[in-house]
Amino acid sequence: MLTWLVKELQLFWDKLKSSDKKVIAILVSIALFQTLSWYFFSRRFFRENLSSQFFTGIDNLKLIEYLYWFLGETIPLFIMPLLIIKFLFKEKIRDYGVSAGNISLGIKYTLLFSVIMILIVWFSSANAEFAGRYPHIQEAKMNWTIFFIYEFGMLIYMFNWEFAWRGYMLFGLEEKFGFYAIFIQMIPFVILHNGKPFLETFGAIFGGIALGFLAFRTRSVFYPVLVHFVTMFFIDFFSVLRSRTNELGISPKSLYNIIEKLF
């Protein structure tokens, strides 16, 4: 048994030595970063370890909880990958999408995808489960200051999120897998949507591919950030509108007329 185990370990080591070290580093590190994110930069970690000790008696604790999550993710999803790119791979961060890329193409795709997503979100927000879930912080439905602070935090979170999947993972794996890297990065993106409304999670399959393609074509994560943020912003915005108009007794037709005038 011991001899067999030694042979198997030797086989694994030989395979490891002959493998693409960069691919392994990216796949292992992204798993590590997401694990650190889940256990140390989540809302749950804040509630269980920080809120009762450092934030007792503070108003809008729910908002602070979300800001901890949004801003804290900068460490595992941006700073840590950045350190690996710079000091382990010895490469430039702009090669991982932190650049303007193809501006003309980026603007065209961003406008196209944003319009499509706004229309989808508008009709999806008519679903009571969907509209009732957003914004995640319910106080934002009645306070525009809280709403916009929350959305600013969401923008930072979207950058960290997009850099992790559409920057670090996509461009890091592109050399080895080429176009297939778009579909590889889509898998963890969809898995991390589990627990959300079915339509949102199902849509994340196509959204992950579309955002990956957008980054791939424009050579930038900034356009996926904009599309993703616009989508999330209007999910929250339309949900707030529907919530408020329902409370005021405004009909869906009247609400549609209001939106039409705004846009």
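The values are calculated or read from the model by the stated rules, or taken from the named source; none is laboratory data. Treat the numbers as computed from the prediction; the structure is a model and nothing was measured. All Cβ positions, glycine included, derive from the backbone under ideal geometry; neighbour counts span all protein chains shown. These accessible areas exclude ligands, DNA and RNA; they are computed on the full protein's heavy atoms, side chains included. Shrake-Rupley method; radii C 1.70, N 1.55, O 1.52, S 1.80 Å.
Summary of computed values
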{"read-out": "Residue 64-residue 40 FRET efficiency (beta carbon distance; Förster radius 25 Å; 0.05 resolution)", "value": "0.90"}
{"read-out": "Chain lengthening between residue 21 and residue 206 when straightened (0.36 nm per residue, less Cα-Cα)", "value": "63.6 nm"}
{"read-out": "P(r) weight above 19 Å for segment 118-241, C-alpha pairs, percent", "value": "50 percent"}
{"read-out": "Solvent-accessible surface (1.4 angstrom probe) belonging to residue 95, in square angstrom, nearest 10", "value": "90 Å²"}
{"read-out": "25 Å Cα-Cα reach of residue 21 towards lysines, excluding residues that sit fewer than 8 places from it in its own chain", "value": "7, 86, 90, 92, 176"}
{"read-out": "Approximate spin-label separation residue 198-residue 71, in nm, with each point projected 7 Å along Cα-to-Cβ", "value": "3.9 nm"}
{"read-out": "Distance in nm between pseudo-label sites at residue 95 and residue 108 (7 Å out along the Cβ direction from Cα)", "value": "2.8 nm"}
{"read-out": "Only Lys, Arg (+1) and Asp, Glu (-1) charged, at Cβ; the chain dipole about Cα centre in debye", "value": "440 debye"}
{"read-out": "Cβ-Cβ FRET estimate between residue 175 and residue 79, R0 fixed at 30 Å, reported to 0.05", "value": "0.85"}
{"read-out": "Accessible-area value, residue 18, 1.4 Å probe, nucleic acids and ligands omitted, Å²", "value": "90 Å²"}
{"read-out": "Degrees between helix 2-17 axis and first principal axis of the chain (Cα, 0 to 90, nearest 10)", "value": "70 degrees"}
{"read-out": "Relative contact order of the chain, defined on C-alpha pairs under 8 angstrom at six or more residues apart (%)", "value": "26 percent"}
{"read-out": "Longest segment of the chain lacking trypsin sites (Lys or Arg not before Pro) that sit in a DSSP loop with at most 11 other Cβ atoms within 10 Å", "value": "93-263"}
{"read-out": "Which labelled figure in [x] 7, 30, 33, 22, 7, 0; [y] 6, 24, 26, 22, 15, 5, 1; [z] 6, 25, 31, 22, 10, 4, 1, 0 is P(r) over Cα pairs in 10 Å bins from 0, in percent, once derived from the coordinates", "value": "[z]"}
{"read-out": "Accessible surface of segment 6-118 [probe 1.4 Å, protein heavy atoms]: carbon and sulfur percent", "value": "68 percent"}
{"read-out": "Cα-based convex hull volume of segment 59-180 per residue, rounded to whole Å³", "value": "144 Å³"}
{"read-out": "Between helix 103-124 and the chain: long-axis angle, C-alpha atoms, 0 to 90°, nearest 10", "value": "60 degrees"}
{"read-out": "Relative contact order [Cα under 8 Å, 6+ residues apart], segment 119-234, whole percent", "value": "28 percent"}
{"read-out": "Probe 1.4 Å, protein heavy atoms only - accessible area per residue of the chain in square angstrom", "value": "56 Å²"}
